[in-house]
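Below: the structure, in structure tokens.
Just so it is clear, none of the values below were taken in a lab; they were calculated from the coordinates. Predicted model, so just to flag it, every value in this text is computed and none were measured. Because the Cβ atoms are built from the backbone with ideal geometry, glycine has one as well, and the counts that use them run over all protein chains shown.
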């Protein structure tokens, strides 16, 4: 697939520093054990989405907050190394940046232990929302509700598609943010927490006519179910041997935002995002496994 232009995408939300350990199995009891591989890389839902946009041929801006600590320095440096625009990263004096230790087993499943950010205020006044007029799509995750709502409302004002990565947080708050986005798509655990039933019943309930263009739920190897206001659709996942599912959802949402920015129809955009995420799952290392556009074009099942 060759884009007709380099779509510009703003990704707003969380960025972390991930320490990833590859192990045979995730232990169920206290023990000492050896990792077969270890890497330190950037992470975080919106930050990984921005890297996806950039590697897949778009132009990504990351809007988010980090502390003025060494971890924050590494987070910003790793994004800049990917050529993500970090002009609007907000450094918070005295705050602690978010970091995580992650175990990935031989099935590709993961266990995440994160040290949450500290000292991050809800303030959104520093966001340069007028810049949304100049981009093709926006994305936000569920980790900063006021920022996501501000971004989505501005995107609606300027007529830009907005992707919401609904994964984690209070069900009521996540649903309230989703109402502001044109394309909210939830993780399966988040979707089940709504307690609205199976996708065929729940997605029409979640869909907010007028603002939502579609809403959906990612189901891992079972694909994606999505509702466009009239019809329930199912897009299957590509069959790959999963090596590491860490960052797969972030990758999926970033690829969707890029595809919408490239003005692909919804079905093609979702199929595109699903293939990008599948390639990522076939590789170890969280963000490290996100493919480039050339790797995407060359990938054969």
In a Gaussian network model over the chain where Cα atoms closer than 10 Å are linked, find which of 38, 227, 152 has the largest mean-square fluctuation.
-> 38
Between 27, 171, 184, find the one with the highest GNM mean-square fluctuation for the chain; connect C-alpha pairs within less than 10 Å.
-> 27
What residue among 46, 115, 247 has the largest mean-square fluctuation in a Gaussian network model of the chain, using Cα springs under 10 Å?
-> 115
Hey, what number do you get for the chain at 222 nm if only DSSP H runs of n ≥ 4 count, each worth -39500 (n - 2.57), divided across all residues, to the nearest 500?
-> -9500 deg cm²/dmol
Give me the distance in nm between label points sitting 7 Å out from Cα along the Cα-to-Cβ direction at residue 263 and residue 192, one decimal.
-> 4.1 nm
Average Cα contact separation per residue, the range 1-80, under 8 Å, 6 or more apart, as relative contact order % | 41 percent
Restricting to Cα pairs under 8 Å and 6 or more apart, the percent relative contact order of the range 203-254 works out to 25 percent
To the nearest 0.05, the calculated FRET efficiency linking residue 87 and residue 123 through their beta-carbon distance, R0 being 22 Å, is 0.75
Pairs of Cα atoms under 8 Å, at least six residues apart: use those to get the relative contact order of the chain, whole percent.
-> 19 percent
Calculate the spin-label point distance for residue 172 paired with residue 28, positioning each point 7 Å from the Cα along the beta-carbon direction, and give it in nanometres.
-> 3.6 nm
Would you kindly state how much longer the chain becomes between residue 200 and residue 157 on full extension, computed as 0.36 nm times their sequence separation minus their alpha carbon distance, in nm to one decimal?
-> 12.4 nm
Quick shape summary for the range 1-158, equivalent ellipsoid via Cα gyration tensor, semi-axes whole Å in descending order, reads 30, 19, 13
Please label the shape of the range 156-274 as rounded, prolate or oblate, based on the square roots a ≥ b ≥ c of the eigenvalues of the alpha-carbon gyration tensor (a/c under 1.5 means rounded; beyond that, a/b larger than b/c means prolate, else oblate).
-> rounded
Extension reserve of the residue 297-residue 222 stretch, reckoned as 0.36 nm per residue once the Cα distance is removed | 24.7 nm
How far apart, in nm, are the 7 Å Cα→Cβ label points at residue 70 and residue 111?
-> 2.7 nm
For the chain, which semi-axes, largest first and in whole Å, follow from the square roots of 5 times the eigenvalues of its Cα gyration tensor?
-> 26, 23, 20
Estimate the FRET efficiency between residue 37 and residue 282 by the formula 1/(1 + (r/R0)^6), using the beta-carbon distance for r and 22 Å for R0, to the nearest 0.05.
-> 0.90
